1. If the requirement is being assigned by TED's automatic domain parsing to the domain that holds Asp142 and outside any strand (DSSP E or B), which of these qualifies: Phe165, Phe156?
2. Just to verify a result, which residue in the range 199-224, among those that are touching a helix residue (DSSP H, G or I) at 6+ places or on another chain (Cβ under 6 Å) and not in a strand (DSSP E or B), is nearest to Lys282 (Cα to Cα)?
3. Name every residue in the range 344-371 that is crowded, with 17+ Cβ neighbours inside 10 Å, in contact with a helix residue (DSSP H, G or I) (Cβ under 8 Å, 6 or more places away or on another chain) and not β-branched (Val, Ile, Thr), in order of residue number.
4. The conditions are (1) within 20 Å of the chain's Cα centre (by Cα); (2) outside any loop (DSSP other than H, G, I, E, B); (3) touching a residue at least 24 places away in the same chain (Cβ under 8 Å), and Val96 fails exactly one of them. Which is it?
5. Please determine whether any residue of the range 151-160 is surrounded by fewer than 16 Cβ atoms within 10 Å (Cβ to Cβ) and of a type in the set (Asp, Glu).
6. Restricting the range 131-144 to residues that are in contact (Cβ under 8 Å) with a residue 60 or more places away in the chain and in contact with a helix residue (DSSP H, G or I) (Cβ under 8 Å, 6 or more places away or on another chain), which is surrounded by the fewest Cβ atoms within 10 Å (Cβ to Cβ)?
7. Could you give me the residue pairs with C-beta distances under 8 Å whose first residue belongs to the range 314-340 and is β-branched (Val, Ile, Thr), whose second residue is part of a strand (DSSP E or B) wherever it lies, and which are 6+ apart or on separate chains?
8. Could you identify the single residue in Leu50, Leu61 that is among the aliphatic types (A, V, I, L, M), part of a helix (DSSP H, G or I) and over 19 Å from Ala306 (Cβ atoms)?
Amino acid sequence: MTASFTTPAVVIGGLILLRQLEGTGIPFVLIPRAPKDPSVYSRFYRGVGLTMEDLMENETLFLERLIELAKGYSEKPVLFFGDDWVLFFVIRHREVLSEYFRFTMPEQRILEECSDKMAFAKLAQEYDLPVPKGLVESPSLDCAQIEEQIGYPCVFKPDSHLGWFESEAVKDAGDMPQKVLLAQNREECEHALSGIRKFTEKFVVQEFIRGGEEEIYSFHTFVGRDGKPVASYVGKKIRTYPSMGGESSYVGLIRDDEVTRLGLEVAEKLGIRGVMKIDFKKDVDSGRYFVLEINLRFTLWNHLGARAGINLAELVYRDLCGLPMEVPGDYKDDLRWLHLGRDFRSFVKDYRPSGQLTTWQWLSSLMRPKVYAMFEWRDPMPFLVKTFDYMKHSIGKLK
């Protein structure tokens, strides 16, 4: 139900964050990723002359302009963000930003260490979190040490994915947007170790938890300023691009009491405040759940959650503004989120060639109620513009 809100919100991100706030009645402006980001064509878009490209080009100037924007309101606006780049920006400037914006986050150390894969490995050990065996990069790290302490298969994860998908390491591994490098023997280990070192000196190596991406479950919650979880739901990956270590292309919400229990336990141990996503992977041999990573920002899953009945963005806003929470008691578990272009590429380039899916199986799997990454009946322009640009680019390549 649409409410009447007065406190403004400043949203730094793209269409997925915009979709969570449209129709809520929350007055917001959007700072998109780029001047021609699909979100700027939405009928809900209200811009302020800033983009995330400004942040990447001159962080100091971006911070100054963001503060000037906040000063222009009669009351402190709420700040929303959903990208790693912006999360790191907020971490660096948390103290000054908190003077001008409302946002909820855990204590600085937890925030920093959950956002740094090398630091997270030590944090997990300190708080006894169920994580895969791992090693952090050091000058002496070699495949003999990896074999002895982890074994094969193992995965190599960069500390940050900023620029990762364009790296030589990813291109050599098949030129698909995979988040990790998999090594199943000494030769692949040496190749992965050499490739990731060319990209960064900050990475971790972990044991590979048996099972495909469909064994990855995500727990989502919002913990209010009082330290109490307000609402939560569980998601499960259906497909990714590529099928191993890739970006989500088709996901859905489910009910899983064990994942919920583990997620709330981790949130309590770490003293989390604000939004949280924990990725778990279930080992197909032992049935045990392992924590893969923790994200303390909004993600694509929150778009699906909002459409399924639990809008964490609105709950965050209400909590920060001291408004009644009106927490829904349940959520739909038959709804799916689909990135059609990414899912089609994954099917054509990976799932079908490898024999994981036939054409009929892929098509029939899509016959479910869906939320789209781009398309929305009441707001079709972002999808239409993106489709036109894609067609123009494809035709240009043929000339």
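The values are calculated or read from the model by the stated rules, or taken from the named source; none is laboratory data. What you are looking at is a predicted structure, and each value in this text was computed from that prediction instead of being measured. Cβ: placed from backbone, ideal geometry, glycine included. Neighbour counts: every protein chain shown.
1. Phe165
2. This residue is Lys202.
3. If the condition is that a residue be crowded, with 17+ Cβ neighbours inside 10 Å, in contact with a helix residue (DSSP H, G or I) (Cβ under 8 Å, 6 or more places away or on another chain) and not β-branched (Val, Ile, Thr), then Phe347, Tyr351, Leu357, Trp362 are the ones that fit.
4. Among (1) within 20 Å of the chain's Cα centre (by Cα); (2) outside any loop (DSSP other than H, G, I, E, B); (3) touching a residue at least 24 places away in the same chain (Cβ under 8 Å), the lone unmet condition for Val96 is (1).
5. No - not one qualifying residue is present in the range 151-160.
6. Among those residues, the one meeting the criterion is Lys133.
7. Val316/Val78; Val316/Phe80; Val316/Phe222; Val316/Gly274; Val316/Val275; Val327/Val230; Val327/Ala231
8. Leu61
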